1. How much of D408 can a 1.4 Å solvent probe reach, expressed as accessible area in Å² and rounded to 10?
2. If T286, T31 are ordered by their accessible area, calculated over protein heavy atoms with a 1.4 Å probe, which sequence runs from highest to lowest?
3. If amide hydrogens are placed 1.01 Å from N in the peptide plane, which non-local residues have theirs closer than 5 Å to the one on L11?
4. Go ahead and run the numbers for FRET between V376 and L165, Cβ-Cβ distance against an R0 of 51 Å, rounding to 0.05.
5. Return the FRET efficiency for the residue pair H192, S323: r is the Cβ-Cβ distance, R0 is 41 Å, and the value is rounded to the nearest 0.05.
6. Relative contact order for the chain: what percent, with Cα pairs under 8 Å and sequence separation of 6 or more?
7. Under a crude label model (7 Å from the Cα following the beta-carbon direction), how far is I180 from S257 in nanometres?
8. For helix 193-204, what angle does its Cα long axis make with the longest principal axis of the chain, in degrees from 0 to 90 and rounded to 10?
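The values are calculated or read from the model by the stated rules, or taken from the named source; none is laboratory data. Just so we're clear, the structure is a prediction, and the values are computed from it rather than from any experiment. Quick reminder, even Gly has a Cβ in these numbers, built from the backbone with ideal geometry, and neighbours come from all protein chains shown. Only protein heavy atoms, including side chains, enter the accessible area calculation; ligands, DNA and RNA are left aside. Shrake-Rupley method; radii C 1.70, N 1.55, O 1.52, S 1.80 Å.
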Amino acid sequence: MNKLPILNRSLSLGHVILFGLSFMAPITVFTTYGIAIKTTNGMIPTAYFISLVVMLFTAYSYEKMVKEFPTTGSAYTYVQKGINSSMGFLVGWVILLDYLLSPMISALLFGIFIHAYLPIIPVSVCIITFVVIITLINILGIKFATNVSAILLALQILFIVVFCLFSIKGLIDGKGTGNILSTTPFFDPKVHFSKILSIVPLLCFSFLGFDAVTTLAEETKNPKKTLPIAIYLITIIGGILFVASTYFAQAIFPNFSSFKDSESAAVDLFVYVGGNFLNAFFLSVTVIAAIASAVASGGSGARVLYAMGRENILPNRIFGYVSPKFRTPIFNIILIGFIALTALFLDLDTAAAFINFGALFAFTFVNVSVMIHFIVRKKQRSIKAIISYGIIPFIGAIVTAIFWTKLDVHSMVLGSIWLVVGLVYLLYLTKFFRQRPPEFDFNETNLDVQI
């Protein structure tokens, strides 16, 4: 039996956590701050906390499935093995949008910010340069890409810490609420709970980093032990950063209605808290975050494509190919780079609508796959098993499904179109379901890698 193309198992727990947090790009909490704070009437920390709780249920299901199937492919693999290969294909097809288009969004943001600071450089030049850089980083290897992302992530976290320290000083000096500890950012009796819940579907996408790291299963040392720990830590650390930063933002600047423009609310906030220094720091770190996020999302997307190519769902010679020199799925990385170049002419709102659809759709079915795999197929039906593999994943599935249906009309329409395209391709692939789609015969002996 011929061995499948192999990846290089070189990542430690620290590498995986840094990769996941880089994908999340914690600094982006401020880029949507103005819109989110108005939607929630000032209770955005509560909205992030609710999102964290919701995502912990799904993280739990990911943890169960990665222990069973420590192979690249993430939600695609888990649903394929947990439910069936056709549903797995559709889930993989939908969440693929998140990975394929995230680098494009990062490229567009990079171009906009650089051009704003240096108008002499055209946006198109900025975008092309950005795409070339992230593509080369990912080609050079996952460990190299993770090390680069770690440096960029450190600067993001440094900014959040500096912002919180400036805010604490301002609160001590009597600015904002005048109290370091206050319930105001978390609770306001005048705010309807529906207002808070309306923003949660968008905030859930911020936690996609725990999904991204499961695509690295075949490049992680001892993945059955390492990845479950990483999944929880990434979700919790990301949640803490989101809640803490928005708490201090709301505490130091409670009069959010005075923002001149929702899209530039962060500028008003930083100038108020730390003057031009903090504002300039934010803009530079935002550019850095775009690179870190694009490296992580592009790398993850390349590995989902690799999983599909290895199983001949996509042409194996291209998508299942691993570079002998760099030990990375080089053709997939280059393809994602070309897709990112659509930032030259695509609209940011359109791409964002696609992305919001994919994550919650995939999360819902990963939760369902746990129930079917363990309770139905493996017949684990003790009281403990019913709680572990039935009740907890069921709650996760119901909650994520509800929030998925609450997405705006643009997300639902564009996402549904992409889903229909995937269904048509699946019908062609299976000859109208007369045969099963190609499916990888999971066997860890086929996944031997060089350490």
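1. It works out to around 70 Å².
2. Per-residue accessible area, sorted high to low, gives T31, T286.
3. Under 5 Å from the amide H of L11: T220, K221.
4. On the way: r = 52 Å, r/R0 = 1.02.
The pair V376/L165 has a calculated efficiency of 0.50.
5. On the way: r = 54 Å, r/R0 = 1.31.
It comes out at approximately 0.15.
6. Details: 779 pairs, mean separation 152.9, N = 451.
Relative contact order comes out at 34 percent.
7. 3.1
8. Between the helix axis and the principal axis of the chain, the angle is about 50 degrees.
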